[in-house]
Amino acid sequence: MLKHLYLLIFSLLATALTSAPAQARWYEATSDHFVIYADDSPKDIQRFTEDLERYHSAMERFTGRKIEKPSPSNRVTIYVVGSWREMTKLAGSSQIAGFYSPRAGGSLAFVQDIRFRRGKLDFSTIVLLHEYTHHFFMSTSRYAMPRWMSEGAAEFFSSAYFSEDGSVDIGRPANHRANELYYSDDVSIYELLDHELYRKNRKSAYDAFYGRSWLLYHYLTFNPERSGQIGQYWEALADGVSSTEAAKRVFGDLDALEEELEAYLDGRRMRYYTFAAEDISISKVTLRELSKGEAKVMPHLIESKRGVTKEEAEKLVKRIRKVAGRYSDDAAVLSALAEAEFDAGNLDAAIAAADRALAIDPMQKNAYVQKGYALFAKAEDADDPDAAYKAALRPFTQLNRIEPDHPLPLIYYYRSFTERGIPPSENARHALERASQLAPFDHNLALQVATMLAGEGKIAIARLMLGPVAANPHGGNGAEFAQLMLTGME
């Protein structure tokens, strides 16, 4: 259902700094695509999880793209940290309201709050929806998006609105970018389309790039005269046409397009689309209160999942040992201890903690993973590498029996060859490819697969794998290496 809405300007500060008071009990909510851990009211957690599923369903309906139901460990796991102070500590910056880490077998997101204010989301939740949009598009297409299109789509969808009747609005004005659009350094249409030109001309650390990307995406989506042009532009890019040249072919006069964007921004009304509750389907949400031990260890586990340095790990493991001492019969606590011991470099202690966890609960999947990690690390210096890697692979084999589509056993089966300097078998190569199919959002994994395929002479497929990695604006060294590989292949 198409509607119109006035574009408003508002300040983020109050929203970004507001947080709910911490509760005494932790809950786990699970659905088809998400796992949420929160120290909040069951009602809010249930609503939050259901609305995430509504968001996913609305995106599938709007885009015509569909994600195959992920295996349980390949869902996005979200930790709700509960306060701006905790988020600042976790992120290492007071400017970050939430963040996301895509990993095969363990994609993680961290948000500050899940409270709703008359259908409006906390800013950290907008960040989560933004990042989940990236996750969605990476999971449904192997073709690279230019940065403006990737960020424009993320801003377009993350401005969603969830009504009490279960309906979802998609494409509302990105009010959280309004101040940026009106008051920050402008970004021209040519700079949007040509990222190198944008980087060359960039004047300050904060400009209107995200806002202008949203504006262009929104305009092309809802302007009837430009219907279908985004798809045609993306197809031209997939055929190897440069972003600017593709835009000229599809959009026409770019100066005229920029004038249209200015008029669109200054207009009083913008369209958006509403999916009624009956138009979208969501999976069942299961809510579980964590045990006392799980609740005690959760703040430490969140820190561990975020990633720690060696020094941080040595401090963290001492805190988790204290919790494990009090709850020595809790398999989840012992699994968290195994992870902390591994991070601290205590390999034998990690294996012992994992074994204790599995003796209590053989379904404790993270215990298999941490034991496998530790055994692989020990195998590097083993006197008998063949026997050591065979033993290291055993926990992953056991995990594979429990969850056949878990990507980590497939990845480590491949690594059991390469880390011994042995050419991977055909089954091992297929396993790595299958892992990447299960977790297309993991660009490090895509880089490994592309390297393997290039070595086999499958250049065209390798190039296809490398495209999204090289185009990732936040890809760091991986993106640079992917671009070098692409250049070499040319």
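The values are calculated or read from the model by the stated rules, or taken from the named source; none is laboratory data. Everything numeric here is computed off the predicted structure, so don't read it as measured data. Ideal geometry is used to build each Cβ from the backbone, glycine not excepted, and the neighbour counts take in all protein chains shown. SASA here: full protein model, heavy atoms, side chains in, ligands and nucleic acids out. Shrake-Rupley method; radii C 1.70, N 1.55, O 1.52, S 1.80 Å.
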Taking a ≥ b ≥ c as the square roots of the eigenvalues of the Cα gyration tensor of region 275-411, is the shape rounded (a/c under 1.5), prolate (a/b larger than b/c) or oblate? oblate
Heavy-atom SASA rank of Glu68, Glu258 (probe 1.4 Å, accessible area, largest first): Glu68, Glu258
Compute the length gained on full extension between Glu314 and Glu235: take 0.36 nm times their separation in residues and subtract their Cα-Cα distance, giving the result in nm to one decimal. 23.4 nm
Based on DSSP loop calls and a cut-off of at most 15 other Cβ atoms within 10 Å, the longest stretch of the chain free of exposed chymotrypsin sites (Phe, Trp or Tyr not before Pro) is what? 207-490
Net lengthening on full extension, Thr63/Lys284 (0.36 nm per residue, minus Cα-Cα): 77.3 nm
Protein chains only, probe 1.4 Å: how do Asp207, Asp239 rank by accessible area, largest first? Asp239, Asp207
Simple spin-label model, 7 Å along Cα-to-Cβ: Arg103 to Ser163 in nm? 4.0 nm
Solvent-accessible heavy-atom area per residue, rounded to whole Å², over the chain at 1.4 Å: 46 Å²
Kindly write out, for region 214-228 in residue order, the coupling ³J(HN,Hα) from the Karplus curve 6.51 cos²θ - 1.76 cosθ + 1.60 (θ = phi - 60°), rounded to whole Hz, with x marking Gly and Pro. 4, 4, 5, 5, 5, 5, 5, 6, 9, 7, x, 6, 10, 4, x
For the chain the mean separation of alpha carbon contacts under 8 Å (6+ apart) over residue count, i.e. relative contact order in percent, is 15 percent
Counting only protein heavy atoms and leaving out ligands, DNA and RNA, the solvent-accessible surface of His300 at a 1.4 Å probe, in Å² to the nearest 10, equals 40 Å²
By its C-alpha gyration tensor, with a ≥ b ≥ c as the square roots of the eigenvalues, how is region 371-490 shaped: rounded for a/c under 1.5, else prolate for a/b larger than b/c, else oblate? prolate
Taking the alpha carbon gyration tensor of the chain, what are the square roots of 5 times its eigenvalues, largest first, to the nearest whole Å? 39, 29, 19
For Leu484, tell me the accessible area in Å² from a 1.4 Å probe, rounded to the nearest 10. 120 Å²
Enumerate by residue number the GluC sites (Glu not before Pro) in region 374-446 meeting two conditions: DSSP loop (anything except H, G, I, E, B), and at most 14 other Cβ atoms within 10 Å of the site's Cβ. Glu380
Students often get this wrong, so check it: of Lys305/Lys365; Lys89/Lys378; Lys315/Lys390; Lys365/Lys390, which have C-alpha atoms separated by over 21 Å? Lys89/Lys378; Lys315/Lys390
May I ask you to give the percent of accessible area on the chain that is carbon plus sulfur, with a probe radius of 1.4 Å? 49 percent
Long-range HN-HN contacts of Ser107 with modeled amide H, under 5 Å: Thr77
Can you give me the angle between helix 443-455 and the longest principal axis of the chain, using Cα atoms only, in degrees from 0 to 90, rounded to the nearest 10? 80 degrees
Residue-ordered couplings for region 378-389, obtained by feeding phi - 60° into the Karplus form 6.51 cos²θ - 1.76 cosθ + 1.60 and rounding to whole Hz (Gly and Pro as x), are 5, 5, 4, 10, 6, 5, 10, x, 4, 5, 5, 6
Longest principal axis of the chain (C-alpha) makes with the long axis of helix 229-238 (C-alpha) an angle, in degrees to the nearest 10, of 50 degrees
Mind listing the phi-derived Karplus ³J(HN,Hα) values for region 179-189, rounded to whole Hz, using 6.51, -1.76 and 1.60 with θ = phi - 60°, and x for any glycine or proline? 4, 4, 5, 8, 10, 8, 4, 6, 10, 6, 4
